[in-house]
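Novice: Quick one: the structure is below, questions incoming.
All of the numbers you see were taken from the coordinates with simple rules; none came from a lab. Since the structure is predicted, the reported quantities are computational estimates derived from the model, not experimental observations. Positions of Cβ are backbone-derived with ideal geometry, glycine not excepted, and every protein chain shown enters the neighbour counts.
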Amino acid sequence: MPDLVQLRPVAADLEDGEPVPRIELSPEFREFSGISVEAAVRLAHEVLNDPSFPTVRAWRASGRKAVGCFPVYTPQELVHSLGMLPATMHGGGENLQITRADAALGSFLCSISKSTLEMALTGLLDPFDAFVFPYICDVSRNLEGIFARVLPDRSTHMLHLPQSFTSPATVPFLVAEYRSLLRKLERVAGREFSADDLRHSLDVFNEQRALVAELTELRREAPWSFSLTEHYLLLRLGALLPREVHIPLLRGALAELRARQPKRKDAVRVILVGPFCEQPTLELLQLVEDVGCYVVGDELQMLHSWYRRVDASADPLESLAAAYARAPIDIGVRSTPTTKAEAILARVDRCRADGVIFLTAKFCEPALEDVVLYRRALDGRHLPYLHMEFEEKSTSFEQSRLQLETFVESILFE
Ligand code: SF4
């Protein structure tokens, strides 16, 4: 472990209600420089276990500003072009005790909405200067409204994303939305937007996405090279660190992972569908592999693979909007021009998957609605699937283990 990091006890050692100790990182993020995959994964554990956003606090230590982005998609390139750190707010994880948000939100809501509000009410989001909430569902829409009331000194923005991708009005509409977001971000950053700054940001994000695509390709073609949790944690860091820090980290990780020569095991190839917003616990992800699955496709950190290369030479704002609109992404909060049936079957074929695991956040309506449509398509091709629900604070996995083992055996011995 790099010596600049103050080690904290693991969650299991904490008494109920005991605050999670914070870790401190250097403002230059030296801890992430030239480290092995094992060290990066350990460091990612530390960062995720501290709900006070240590990477954002480190960034702000030298007077810079940061913007919290609720999943699933925010054009974080815009935030970057104004010299601020965009960081994704993926909820409080398993260590956060919910003591105040329960009083404000109904019980039949996803965990990420409660933990995000809890963090706002308890000062854990203080390192952020502004927040962006894409309008992905009623929950995210309401959260933006609540944030505007509970954090009135911070800027909040509801980002409207198009749902029609074939209309000639789609890209102009999105450009207008981005301009409206930019007006707020300019006020927060205290500087004006410039097309050249955005071109530079597009180049940086293009480089990061290209490396993420290589990592994803490696997982698809040689899933025995590294574990799902290694993959996930490496990408999760990419949504919390400055891109300029994550890019060399990822490049080094790719070189190391390609050189690994681990044994292949007898496992079935599956894709994970549903965890595009709230994230499952690491234990649950680990369990999926432990029972004999190679996860060759997933929706865990969609932001890094929404599109590939954005053309920085043309009008950069229009290129960014067009890239979003043309991306062939089909998840619970977005549809491609194809049907849901065609989309899931194409994904199964592309990943050469033996089956599908629907891993949906409890009370996540957008994910649950799609499961119905996807299942019908899989039934038509006699493709096996399993549906499991999760919460941020899931602790017992015995039932999940049984379900997963039965699912894997049904594929192996069919
Ligand atoms: S987990 Fe589902 S319901 Fe909850 S905010 Fe995300 S998309 Fe909306």
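Novice: Would you calculate the separation in nanometres between label points at ALA213 and GLU24, each defined as 7 Å from the Cα along the Cα-to-beta-carbon direction?
Specialist: Simple spin-label model gives 4.2 nm for this pair.
Novice: Tell me whether region 95-139 comes out rounded, prolate or oblate; compute the Cα gyration tensor, take square roots of the eigenvalues as a ≥ b ≥ c, and use a/c under 1.5 as the rounded threshold.
Specialist: Oblate shape, in that a/c is at least 1.5 and b/c is the bigger or equal ratio.
Novice: Starting from the 7 Å offset along Cα-to-Cβ, what nm value, one decimal, do you get for the label separation of ARG251 and TRP224?
Specialist: Once both label points are built, they end up 3.1 nm from each other.
Novice: Something else now. Take the Cα pairs of the chain, get the Kirkwood Rh, then feed it into Stokes-Einstein at 10 °C and 1.306 mPa s and tell me D in µm²/s.
Specialist: 72
Novice: Given region 54-179, what whole percent of its Cα pairs are spread farther than 16 Å?
Specialist: The proportion of pairs with Cα distances above 16 Å equals 64 percent.
Novice: Here is a follow-up. How many percent of the alpha carbon pairs in region 180-334 exceed a separation of 23 Å?
Specialist: Tail fraction, whole percent: 45.
Novice: Compute the orientation-averaged projected area for region 332-380 from the convex hull of its Cα atoms and round it to one decimal in nm².
Specialist: For the Cα atoms of region 332-380, the hull's average projected area reads 3.5 nm².
Novice: Could you give the Stokes-Einstein D for region 249-388 in µm² per second, using the C-alpha Kirkwood radius, 20 °C, 1.002 mPa s?
Specialist: Answer, rounded: 128 µm²/s.
Novice: Once amide H atoms are built 1.01 Å from N in the peptide plane, which residues 5 or more positions from PHE390, or in another chain, come under 5 Å H to H?
Specialist: Here THR360, ALA361, LYS362 satisfy the definition.
Novice: May I pose another question? Taking LYS184 as the anchor, which lysines have their alpha carbon closer than 19 Å to its alpha carbon, excluding any fewer than eight residues away along the same chain?
Specialist: LYS65
Novice: Please list the equivalent ellipsoid semi-axes of region 23-77, computed as the square roots of five times the alpha-carbon gyration tensor eigenvalues, in descending order and whole angstrom.
Specialist: Computed over region 23-77, the values are 20, 15, 12 Å.
Novice: Hey, another quick one. If amide H atoms are built 1.01 Å from N in the plane of the peptide, which residues on other chains or at least 5 residues away come under 5 Å of the amide H of GLY297?
Specialist: LEU272
Novice: While we're here: Treat each spin label as a single point 7 Å out from the Cα along the C-beta direction, and report the ASP126 to SER33 distance in nm.
Specialist: In this crude spin-label approximation the distance works out to 2.9 nm.
Novice: For q values of 0.13 Å⁻¹, compute log₁₀ I(q)/I(0) with the Debye formula on a Cα-only model of region 27-123, without solvent.
Specialist: Once normalised to I(0) and log-transformed, intensities are -0.56.
Novice: For region 164-224, take every pair of Cα atoms, bin their distances at 5 Å starting from 0, and report each bin as a whole percent.
Specialist: 4, 14, 12, 16, 15, 16, 11, 7, 5, 1
Novice: Next question, about the same structure. Less than 18 Å apart at the alpha-carbon level, and either on another chain or at least 8 residues along: which lysines does that give for LYS114?
Specialist: Result set, ordered by chain and number: LYS362, LYS393.
Novice: Can you work out ³J(HN,Hα) from phi for every residue in region 293-308, in order, using Karplus 6.51 cos²θ - 1.76 cosθ + 1.60 and θ = phi - 60°, giving whole Hz and x for Gly and Pro?
Specialist: 10, 9, 8, 9, x, 7, 10, 5, 10, 4, 3, 6, 10, 5, 9, 8
Novice: So, one more: Given the -39500 (n - 2.57) contribution per DSSP H run of 4+ residues, what per-residue ellipticity at 222 nm results for the chain, rounded to the nearest 500 deg cm²/dmol?
Specialist: Rounded to the nearest 500, the figure is -14500 deg cm²/dmol.
Novice: Enumerate the calculated ³J(HN,Hα) couplings along region 201-208 in order (Karplus 6.51 cos²θ - 1.76 cosθ + 1.60, θ = phi - 60°), each rounded to whole Hz, writing x wherever the residue is Gly or Pro.
Specialist: Once rounded to whole Hz, the list reads 5, 4, 4, 4, 5, 4, 5, 5.
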